[in-house]
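Written out below as structure tokens is the structure these notes cover.
The values are calculated or read from the model by the stated rules, or taken from the named source; none is laboratory data. What you see is a predicted model, and the numbers here were worked out from it, not measured in a lab. We place every Cβ from the backbone using ideal geometry, glycine too, and count neighbours over all the protein chains shown. Just so you know, the surface numbers come from the protein's heavy atoms only, side chains and all, with ligands and any DNA or RNA stripped out. Shrake-Rupley method; radii C 1.70, N 1.55, O 1.52, S 1.80 Å.
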Amino acid sequence: MKRLHAAERALRTAAPHALLDAVRVVLIEQYGAEDVELFMADYGLTVLQPLSSPALRPLSVHNSPAGRAFGSQKPYCEEGRDGRPRLHLPVTVRGDRLGVLSVTLSGSEAVRRSEPELAEIAEVLGHELVVAERDTDVYLQARRKDRLTLAAEMQWQLLPGRSCSRPEYELGAQLEPAYAIFGDNFDWSATADHLMLYVTNGMGEGIEASLLTNLAINALRNARRAGISIADQAALADQAVYAHYQGRCYLSVLMFDFDLATGRAGVVDAGSPQLLRLRDGAVERVTFDAQLPLGMFEETDYVAQDFQVEPGDRLVFVSDGVHAVASPKGEAYGDAALARAIQATRLLPAAEVPRAILRELTGHRGKQVPDDDALVVCLDWRGRNPGGGPAPASRM
């Protein structure tokens, strides 16, 4: 335990830009590591980018040993060509998967003896990375396989993360084109007893779309942090958007306020994001009473509807850049194709589902880069037992 404490202390006292250097020194001195590298997941979730060495190539998320650890969220030991094992450890914070810490050790006995502590060190590293990003761009730069557009930069900085996990639920989300997104967005926030989730379908292109979404999301957050209901949150955000744009631009958003104890939710459907539910092996589209998008007219009143989610439910939210995208023959993706994609990914964890559905969508679209933003959010609901623990296993 002294070694583990030494590593934790080194990370917590390191300069924000020097976390990898600090953990590398400790792992070499205390654990006999022969090589240490941190790989950051890129914005498109396709590769793991090396942080410190330009000589190292990015690793595939899909078919590399480090990618296997990233996808499974479990340590994975790779036998090196020189006989030295390389241990790949997920770097994750409360379900938000940041990357992989790869450590080369002297032999299999060193792996067996050190793996539990090294896994804890990787977790501490993840927490320190989140804190350090307030004060340095090093880790954000390392995530970039390509250059972000300014609109995409604004959107990614607005997001809460790409995944989140609690005993009651798991969330995963992804945007495309990752390096040129402009209007679609998602946001979530949890308390001890509630989860609030917004799924936003942006209007327009480029900087203008990003500015509109930034205004609306920050207006919703401002209202949420004042402790008011989601119906009033929508009304206040509507006023903020209308006051600035006078109805020229508006924003579609689907808003949920889930009670973690009961699964009851209040819902405001102010626009076009779609919801499909996987329950007991069947996929069905869930519809709500449509209300006006935010900012379309002055002083719109919004009403929350009731919705019930059950333990084992999987909810998949998509923007029109998924649901309405056309194939080369002009055929819309639609509910049937979405249902097949949801069935095909039912065994994947929530964090993996959005990326998998977007890969399916690329095949339907027939080209790599979409013409419109595409957003997928997946919520796996476990619920809470009366005693406070997670509900029984999935019914999917």
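Here are the numbers:
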| item | result |
| --- | --- |
| Close pairs (6 angstrom Cβ cut-off, 6 or more residues apart or separate chains): at positive phi in the range 193-212, open to solvent by 30 Å² or more (accessible area, probe 1.4 Å) and modelled with pLDDT under 95 anywhere | G206/F182 |
| Matching option when the condition is over 18 Å from V47 (Cα atoms), of a type in the set (A, V, I, L, M) and in contact with an Asp or Glu (Cβ under 7 Å, 6 or more places away or on another chain), among V131, V199, V124 | V124 |
| Residue pairs meeting the criteria (Cβ under 9 Å; at least 6 apart or on separate chains; first polar (S, T, N, Q), in the range 245-271; second surrounded by fewer than 20 Cβ atoms within 10 Å (Cβ to Cβ) and modelled with pLDDT of 95 or more) | T262/Q308 |
| Among (1) surrounded by 19 or more Cβ atoms within 10 Å (Cβ to Cβ); (2) more than 17 Å from G321 (Cβ to Cβ); (3) over 17 Å from the mean Cα position of the chain (by Cα); (4) aliphatic (A, V, I, L, M) - the single one L197 does not satisfy | (3) |
| Tabulated pairs, the range 26-46, first open to solvent by 10 Å² or more (accessible area, probe 1.4 Å), second among the polar types (S, T, N, Q) and in a helix (DSSP H, G or I), C-beta under 6 angstrom, 6+ apart or interchain | Y31/S114 |
| In the range 202-232, residue surrounded by the most Cβ atoms within 10 Å (Cβ to Cβ) [restricted to those that are more than 14 Å from V268 (Cα to Cα) and polar (S, T, N, Q)] | T213 |
| Lone unmet requirement of (1) touching a residue at least 60 places away in the same chain (Cβ under 8 Å); (2) open to solvent by 10 Å² or more (accessible area, probe 1.4 Å); (3) over 23 Å from S52 (Cα atoms) for R112 | (1) |
| Cβ-Cβ under 7 Å pairs, at least 6 apart or on other chains, the range 289-316 side at positive phi, far side assigned to a strand (DSSP E or B) and buried (at least 20 other Cβ atoms within 10 Å of the Cβ) | G295/L251 |
| Sole residue being modelled with pLDDT of 95 or more and open to solvent by less than 10 Å² (accessible area, probe 1.4 Å), chosen from V303, V376 | V376 |
| Test: E120 is closer than 27 Å to F186 by Cβ, assigned to a helix (DSSP H, G or I) and of a type outside the set (S, T, N, Q) | no |
